[in-house]
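Asker: Sharing a structure below in structure tokens format, with a few things to ask.
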Amino acid sequence: FLGLVIVLAWRSLLVMQEQYRNDMGKHLSVVNNSVHQTLRTWLDGRRRLVSGLASEPEVLEATAALLAAPRNPQALRAEPALEHLRALLKPHLERMNAKGMFIIAPDRLSIASMRDASLGKQNLVEQQRPDLMDRAFAGETVLVPPIVSDIPLQDKSGQLVERASTMFFAAPLRDPGDEVMAVFTVRFEPAFELTRITESGRPGESGKTYAIDRNGHMLTQSRFEELLIETGIATQAGNGDSGIQGFRVSDPGGNLLSGYVPGTARVELPLTRMASEATRGRTGMDVNGYRDYRGVPVLGAWLWSEELGIGLATEIDVDETLAPYRVLRDLVIGVLGVTVLLAIV
């Protein structure tokens with residue numbers, strides 16, 4: 001009798017634990033897909049705004065004048081159309097919280113920018129994503145997923161970050177004959193644009209949703225950023241970042257919050273299970289548990305968005321997921337103990 005009761009109770013506990021894990025996995029997947037759909041809605045809205053600016057008659061007239069000017073910084077700076085274009089676009093960029101703009105000629109040189117230093121040089125997007133620039137010149141409005149910025153960008157604390165991530169929307173500028181004469185790009189900051197959307201995906205107390213690039217670097221701000229900086233974990237990225245921006249999502253091999261110190265630099269550590277799968281373009285879920293970038297065991301769901309060019313992960317600590325199970329487990333063990341005692345008596 002005792003053997004039967006113990007076996008049944010143990011089996012029931014295993015089934016309950018598996019059920020808790022599976023239910024949380026489904027919930028994480030729903031949250032992850034919901035954030036992805038919100039990002040796609042944001043993408044469509046930004047595309048319409050940038051396309052609208054690219055079709056403004058004054059923008060097209062200024063572009064035509066700049067295309068006729070010599071391709072050297074001095075001549076472009078002296079062109080009245082540039083100042084007119086900057087004054088025209090500045091309020092629109094501020095309303096969109098954009099960080100700048102480019103107009104790129106067919107020879108892929110920047111003929112307009114909010115900064116004089118970029119004039120007459122090969123455009124940043126052409127250098128890193130020429131395939132997307134080709135699509136823009138073919139008449140398509142495209143998102144340029146996060147790439148390395150050509151200038152230091154400010155983080156949320158106001159400090160300049162070298163090699164920070166930046167992203168663009170690129171739209172064709174058409175002449176009166178409806179031919180593409182140049183490409184108009186608007187710069188956005190991924191850490192701000194993506195974070196304000198991913199912050200909505202926070203299941204439970206320890207849950208978080210964040211975005212990574214194709215190299216496994218974090219594009220959004222972490223809800224644990226202050227903790228990571230205080231413990232010195234965020235500075236282990238070794239890329240000069242002042243915070244979590246650009247932090248490599250790698251598996252440290254142990255819980256860093258418990259004092260574990262990895263034997264190698266973060267850049268040499270393997271990516272977490274989530275980051276390894278997502279950067280390969282795979283969508284998946286893990287309810288058995290794996291270590292996140294803090295080394296804390298988590299459950300997670302993830303996907304790779306080819307449209308956005310980013311990976312999206314939703315994770316929650318295993319301890320929080322199994323907290324209700326542990327309460328139930330203790331209750332079952334207590335009842336089982338009483339049953340055993342009564343049977344012995």
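Asker: Given (1) modelled with pLDDT of 90 or more; (2) over 19 Å from Ala191 (Cα atoms); (3) open to solvent by less than 30 Å² (accessible area, probe 1.4 Å), identify the lone condition not met by Arg108.
Answerer: Tallying (1) modelled with pLDDT of 90 or more; (2) over 19 Å from Ala191 (Cα atoms); (3) open to solvent by less than 30 Å² (accessible area, probe 1.4 Å), Arg108 fails exactly one: (3).
Asker: Kindly establish whether Val249 is touching a helix residue (DSSP H, G or I) at 6+ places or on another chain (Cβ under 7 Å), open to solvent by 10 Å² or more (accessible area, probe 1.4 Å), more than 24 Å from Lys99 (Cα to Cα) and modelled with pLDDT of 85 or more.
Answerer: Working: touching a helix residue (DSSP H, G or I) at 6+ places or on another chain (Cβ under 7 Å): yes; open to solvent by 10 Å² or more (accessible area, probe 1.4 Å): no; more than 24 Å from Lys99 (Cα to Cα): yes; modelled with pLDDT of 85 or more: yes.
No; evaluated as a whole, the condition is false for this residue.
Asker: Sort out which residues of segment 34-55 are more than 14 Å from Glu307 (Cα to Cα), open to solvent by 50 Å² or more (accessible area, probe 1.4 Å) and in contact (Cβ under 8 Å) with a residue 24 or more places away in the chain, and write them in order of number.
Answerer: Result: Ser34, Leu49, Ser55.
Asker: For segment 1-97, which helices (runs of 4 or more DSSP H) that fit wholly inside it have 1 or more residues that are within 30 Å of Ala211 (Cβ to Cβ) and modelled with pLDDT of 90 or more? Spell out the reasoning first.
Answerer: Numbers: elements: 2-54, 57-68, 73-78, 80-95.
Ranges flagged: 2-54, 80-95.
Asker: Right, something else. Could you check how many residues of segment 76-105 are surrounded by fewer than 14 Cβ atoms within 10 Å (Cβ to Cβ), over 27 Å from Arg135 (Cβ atoms) and without any contact (Cβ under 8 Å) to a residue 24 or more places away in the chain? Quick ask: steps written out before the conclusion?
Answerer: To start, the set of residues in segment 76-105 that are surrounded by fewer than 14 Cβ atoms within 10 Å (Cβ to Cβ) comprises 77-78, 80, 83, 87, 90-91, 94-95, 97.
Within this subset, residues satisfying the condition of being over 27 Å from Arg135 (Cβ atoms) are 77-78, 80, 83, 87, 90-91, 94.
Narrowing further to those that are without any contact (Cβ under 8 Å) to a residue 24 or more places away in the chain: 78, 80, 83, 87, 91, 94.
The number of residues fulfilling the criteria is 6.
Asker: Still on this model: Any idea how many residues of segment 191-201 are free of Cβ contacts under 8 Å to residues at least 60 places away in the same chain and surrounded by 18 or more Cβ atoms within 10 Å (Cβ to Cβ)? Explain how you work it out, then say what you get.
Answerer: Kept after step one, since they are free of Cβ contacts under 8 Å to residues at least 60 places away in the same chain, are these residues of segment 191-201: 191, 195-196, 199.
With the extra rule that they be surrounded by 18 or more Cβ atoms within 10 Å (Cβ to Cβ), the set shrinks to 191, 195.
Of the residues in that region, 2 qualify.
Condition check ((1) buried (at least 22 other Cβ atoms within 10 Å of the Cβ); (2) in contact with a Lys or Arg (Cβ under 9 Å, 6 or more places away or on another chain); (3) at pLDDT 75 or above; (4) over 30 Å from Pro130 (Cα atoms)) across all residues:
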site	(1), (2), (3), (4)
Asp178	no, no, yes, no
Met181	no, yes, yes, no
Val186	yes, yes, yes, no
Pro203	no, no, yes, yes
Ala211	yes, no, yes, no
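The values are calculated or read from the model by the stated rules, or taken from the named source; none is laboratory data. All values reported here derive from a predicted model rather than from experimental measurement. Positions of Cβ are backbone-derived with ideal geometry, glycine not excepted, and every protein chain shown enters the neighbour counts. The protein model used for the area step is the full one, side chains on, heavy atoms only, and it has no ligands, DNA or RNA in it. Shrake-Rupley method; radii C 1.70, N 1.55, O 1.52, S 1.80 Å.
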